[in-house]
Structure formats: structure tokens, C-alpha cells
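A.B. asks: Below you'll find the structure I mean.
The values are calculated or read from the model by the stated rules, or taken from the named source; none is laboratory data. On a predicted model such as this, the values are computed, not experimentally measured, just so you know. Heads up, the Cβs are rebuilt from the backbone with ideal geometry, glycines too, and the neighbour counts pull from every protein chain shown.
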Amino acid sequence: MTSNSLKGHCILLADDESLDPSDTEAQLSQAGAAVLLAHNVYQILLVASEHELTAAVLDAELESEVVERVAPFLRGCGVPVLFVKSNSRGQGRCRDGKASVLRRDQLVEGLANLQ
């Protein structure tokens with residue numbers, strides 16, 4: 001992906017601190033995205049209500065409340081949701097069955113392909 005493949009995108013990055021947000025945030029920023037961080041359900045909802053998001057990236061290890069409530073809420077607002085995991089072992093489907101779980105090195109390409 002080019003360094004501007006996410007130019008103009010506003011992306012919510014939500015993690016429970018097991019994923020190193022600084023690495024992921026830097027990766028998205030280098031691709032041209034504006035990145036907004038959130039670490040809990042309240043922050044996720046606040047960011048989603050105050051910004052026009054083009055996508056949300058959620059840590060695949062977030063507690064089930066986020067997967068069961070927040071991901072469907074974001075989708076209902078028209079925000080595509082991707083899950084990312086910190087380890088490099090493959091990819092798969094999220095617990096809600098509606099989103100792919102990507103490795104960190106696949107994230108920029110996955111977001112760029114949403115368009």
C-alpha cells in the first residue's frame with residue numbers, strides 16, 4: 001500500500017491495551033489516516049458520536065461487551081468494523097461472525113479495500 005492509501009480516512013482504533021496501540025496508530029497514520037484512540041466502551045461511543053468515522057478497528061481480544069454491543073452499533077451507524085489481533089498467527093472470523101480478524105500487517109490493505 002502507498003503511504004497515502006488511507007488519506008482522508010478517519011479511523012477509530014479501540015484496544016484493551018493488549019494490542020500496542022502506538023504501533024497500530026503509527027501504521028495507520030503513515031498510510032494517511034486520522035486515528036482516534038479509545039480504550040473502553042464509553043470512549044468508543046463518545047468518539048463515534050462526535051466524529052464522522054470511515055472505519056473502526058477493534059482489538060480482537062476486547063471483552064465480549066464490545067463485540068456484542070459496540071460492533072453492531074457502529075455497523076448500524078454505517079461504520080465498517082474490522083478486528084485486528086496482535087499476534088501473527090493467521091486470520092479468521094470474529095466472535096460475532098460478521099467481521100474478519102486481520103493480522104496487524106494486513107490492516108492498512110484491509111482498510112483500503114473497504115472502499
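A.B. asks: Among Ser3, Ser22, Ser18, which is closer than 18 Å to Arg104 by Cα, modelled with pLDDT under 80 and either touching an Asp or Glu at 6+ places or on another chain (Cβ under 6 Å) or of a type in the set (Phe, Trp, Tyr) (or both)?
C.D. replies: Ser18
A.B. asks: Additional query: Search segment 56-81 for residues that are polar (S, T, N, Q) and surrounded by fewer than 22 Cβ atoms within 10 Å (Cβ to Cβ) and pair each with any residue that is at pLDDT below 75 and not in a strand (DSSP E or B) when their beta-carbon atoms are under 9 Å apart and the residues are at least 6 apart or on different chains.
C.D. replies: Between residues of segment 56-81 that are polar (S, T, N, Q) and surrounded by fewer than 22 Cβ atoms within 10 Å (Cβ to Cβ) and residues that are at pLDDT below 75 and not in a strand (DSSP E or B), the close pairs are Ser64/Arg95.
A.B. asks: Here is a further query. In segment 51-65, what count of residues is obtained for those that are of a type in the set (D, E, K, R) and farther than 14 Å from Ile11 by Cβ?
C.D. replies: Here the count works out to 3.
A.B. asks: Residue under question is Val84, and the condition is that it be modelled with pLDDT under 90 and either closer than 23 Å to His9 by Cβ or not in a loop (DSSP other than H, G, I, E, B) (or both); does it hold?
C.D. replies: Answer is yes for this residue.
A.B. asks: Also: Residue by residue through segment 38-57, note down the ones that are assigned to a loop (DSSP other than H, G, I, E, B) and not aliphatic (A, V, I, L, M).
C.D. replies: His39, Asn40, His51, Glu52, Thr54
A.B. asks: Here's a follow-up. Being surrounded by fewer than 19 Cβ atoms within 10 Å (Cβ to Cβ), polar (S, T, N, Q) and at pLDDT 90 or above, is that true of even one residue in segment 28-39?
C.D. replies: Yes, segment 28-39 has at least one match.
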